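Sharing a structure here in structure tokens format.
The values are calculated or read from the model by the stated rules, or taken from the named source; none is laboratory data. What you see is a predicted model; the values in this text were computed from it and never measured. Cβ atoms come from the backbone with ideal geometry, glycine included; neighbour counts cover every protein chain shown.
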Amino acid sequence: MCLGIPGRIVAIEDPEIGLATADVGGVRRKVSIQLLQEEPGGGPGIDDWVLIHVGFALAQIDEQEAAETFRRLEAIGDPYREELDELASSDIE
Amino acid sequence: MRFVDEYRSPDIARGLAAEIAELAGDGHHKIMEICGGHTHAIYRHGIPDYLPDNVELVHGPGCPVCVVPAGRIDDAIAIAFEPGVILTTFGDLMRVPGGQGSFLDANSRGADIRMVYSPLDALKVARRNPDRRVVFAAIGFETTAPATAATVLRAAAEGIDNFSVLSNHVLVGPAIQAILDAPGQDLDGFLGPGHVSTVIGASAYEFVARDHGKPLVVSGFEPLDVLQAIAWLLRQRQEGRAEVTNQYTRVVPWEGNRAALRAIDATMEPRATFEWRGLGEIPWSALALREEYAAFDAERHFTLPGRRVADHRACQCAEVLTGRLKPWQCAVFGTVCTPENPIGTCMVSSEGACAAYYHYGRLQLGRDAHAAPVPSP
């Protein structure tokens, strides 16, 4: 749960409550972008990379940082795979 | 991906190592890191092998699962056995031993404790089970507190009346303060945490330099990030400065994430005191729900046993969490206490110093090797 996982925003589902779909290492799941919105409808857009903690995007990052983070997470091994499994089981609305 | 390799170049690492050795001079430098991610990076990449003998890295209480006292686990389990309750929590907490076993043990005795990825998943469990009382056992530093806060705001907006939070959220600043205030403290500087700082900002640590005269450098997680942050700390020491600087500007803003801080502030307030495993009671070090959100506060819905539970007699997590012992110096490390059968929280969580050392210790066969018998996992 302490692992921040990079995701690429692929769809904005509900701009008012800040619900988006992110692609996280090939897994697509809904995440909240509301904590990156200074006003409703603001925040990251399609193709932006974000760092996701427990279903919430907390920081916008660039593609290079996302690639480095993926590489580091893969090196961590089991805890990362567990985090991805938990993310895959997530179905927020 | 050439740019990725630049963060791991052995040539640059050796250059930084030489710079660190020069900056370190003849003095001794004891640097504490307070982030489970850094603990991992340090062991995984054998960072101590790049450092001269007079630059010592020690681990602080950077793992929120590790500092949760056993009594709070028992409190959550007591709630889980109340009629109609579904307790939800992050996977990391499922195996943490309380005074009477873990959440997994409670499930084998008939409790309904479910693992969720996000507090928003816990809220969904509440929506889908209107006849049950759904409690989210929340844990984490300011990295996860905004998620809990935003979920409470969402529950309030939707008028969901069968959802509540048992908050075990802790604050990183007061933990650093407690370490700095501890008698005999002899630290020379800090590697500032990475992801928690995206929320609170590098500016949140200014008291470390201002009030305690210690430098702090917020660091990224790549091996070169950590080495560069150490070099920055030593340069400050050499020049007689103590400042807070941010090596991890590509992710951490100076002022933090304002929307996340607003969500926390709207729903939660600091508790007068909270018990930390290994550190004892620390004033203003944890978050409880505000009165305005009492309807979502499990502590107001349920009577908690609230008992203090002593740690296992042989467990030395307290010493490990405060940097007084290295993981392998604990009497039960790797023998009685392993990731498969953990006695202490430092071995339970993959972010704990003992678990990280257990997994990666063999990669670090440097100067500590003679003092560090590493078992086969």
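Return only the number of the condition from (1) farther than 16 Å from residue B:194 by Cβ; (2) over 12 Å from the mean Cα position of the chain (by Cα) that residue A:2 does not satisfy.
Unmet condition: (1).
Conditions (1) aliphatic (A, V, I, L, M); (2) crowded, with 19+ Cβ neighbours inside 10 Å; (3) within 21 Å of residue B:144 (Cβ to Cβ), marked per residue:
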{"site": "A:26", "(1), (2), (3)": "no, no, no"}
{"site": "A:44", "(1), (2), (3)": "no, yes, yes"}
{"site": "A:56", "(1), (2), (3)": "no, yes, yes"}
{"site": "A:87", "(1), (2), (3)": "yes, yes, yes"}
{"site": "A:93", "(1), (2), (3)": "no, no, yes"}
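Here is a list of conditions, (1) of a type in the set (S, T, N, Q); (2) within 17 Å of the chain's Cα centre (by Cα); (3) surrounded by fewer than 23 Cβ atoms within 10 Å (Cβ to Cβ), and residue B:162 meets all of them except one; can you say which number that is?
(2)
May I ask you to list pairs of residues, at least six apart or on different chains, whose Cβ atoms are under 9 Å apart, with the first in the range A:75-93 being in contact (Cβ under 8 Å) with a residue 40 or more places away in the chain and the second being surrounded by fewer than 13 Cβ atoms within 10 Å (Cβ to Cβ)?
Hits for this filter: A:80/A:74.
Output the residue which, of all residues in the range B:295-335 that are in contact with a His (Cβ under 9 Å, 6 or more places away or on another chain) and hydrophobic (A, V, I, L, M, F, W, C), is modelled with the lowest pLDDT.
B:321
Rundown of residues vs (1) more than 9 Å from chain B (Cβ to nearest Cβ); (2) at pLDDT below 90; (3) not in a strand (DSSP E or B), yes/no style:
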{"site": "A:38", "(1), (2), (3)": "no, yes, yes"}
{"site": "A:50", "(1), (2), (3)": "yes, no, no"}
{"site": "A:71", "(1), (2), (3)": "no, yes, yes"}
{"site": "A:81", "(1), (2), (3)": "yes, yes, yes"}
{"site": "A:90", "(1), (2), (3)": "no, no, yes"}
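So if I check each of B:237, B:277, B:271, which one is at pLDDT below 95, at negative phi and more than 14 Å from chain A (Cβ to nearest Cβ)?
Going through B:237, B:277, B:271 in turn, just one is at pLDDT below 95, at negative phi and more than 14 Å from chain A (Cβ to nearest Cβ): B:277.
Would you point out the residue of the range A:1-26, among those that are in contact (Cβ under 8 Å) with a residue 12 or more places away in the chain and out of contact with any strand residue (DSSP E or B) (no Cβ under 9 Å at 6 or more places or on another chain), that is farthest from residue A:52 (Cα to Cα)?
Among those that are in contact (Cβ under 8 Å) with a residue 12 or more places away in the chain and out of contact with any strand residue (DSSP E or B) (no Cβ under 9 Å at 6 or more places or on another chain), it is A:16.
Now a separate question. Report yes if some residue within the range B:241-248 is touching a Phe, Trp or Tyr at 6+ places or on another chain (Cβ under 6 Å) and among the hydrophobic types (A, V, I, L, M, F, W, C); otherwise report no.
Yes, the range B:241-248 contains at least one residue that is touching a Phe, Trp or Tyr at 6+ places or on another chain (Cβ under 6 Å) and among the hydrophobic types (A, V, I, L, M, F, W, C).
Looking at this structure, is residue B:77 hydrophobic (A, V, I, L, M, F, W, C), without any contact (Cβ under 8 Å) to a residue 40 or more places away in the chain and within 21 Å of residue B:342 (Cβ to Cβ)?
yes
Now for a separate question. Tell me which residues, restricted to the range B:107-158, are touching a helix residue (DSSP H, G or I) at 6+ places or on another chain (Cβ under 7 Å) and either assigned by TED's automatic domain parsing to the domain that holds residue B:194 or of a type in the set (S, T, N, Q) (or both).
Residues satisfying the conditions are B:118, B:143, B:148, B:151.
Applying the selection to the range B:54-82, what residues are out of contact with any strand residue (DSSP E or B) (no Cβ under 8 Å at 6 or more places or on another chain) and either within 14 Å of chain A (Cβ to nearest Cβ) or part of a loop (DSSP other than H, G, I, E, B) (or both)?
B:63, B:66, B:81
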